[in-house]
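What follows draws every value from the coordinates through simple rules; no lab data is involved. Since the model is a prediction, treat every value here as computed from it, not as a measurement. Quick reminder, even Gly has a Cβ in these numbers, built from the backbone with ideal geometry, and neighbours come from all protein chains shown.
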Amino acid sequence: MTGALDSDARRLLWRCRRGMKELDLLLERFAHPYLADAPLAQRRLLARLLDTPDPDLADWLLGPGVCADPELAPLVAAIRGMVPPTAALPTAALPTAVPPTGAPLTAAAPAAAQAAPDPSTAAPRTAHRPAAPALPGAATGPAVA
């Protein structure tokens, strides 16, 4: 953090307290250094994000949800990845769609995806559970009343 927080920045930081501990921690850890030098436009963008209802915000930041607002999406991505929103992200480093099963993998595909076994050739899983070990001194036959 390079600058002290003014009253507007402190007000936004207070609004990061949502009542859900996960959101509180994530938003406050992001907002404190972000607000120190953020221009007015970025502060307004954060304020718009904080106007979002908690379930949507939790889905975007903690779950699989995707922010459809083109202005808020980069900020949501920055908070999720704790990347400064002004940093230029190389497009080659962004993940691409995983090819469907049976499709050939290209050199651009991650090495982990290339090493993953094909689920269609894997042995079928069974629902068999091994029997529980017998307790010493326990009767081994059916219970007699």
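Listing for the model above:
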item: Net length gained if the chain between Leu25 and Leu50 were fully extended (0.36 nm per residue, minus Cα distance); result: 7.6 nm
item: Relative exposure of Trp60, Trp14, judged by other C-beta atoms within 10 Å (fewest first); result: Trp14, Trp60
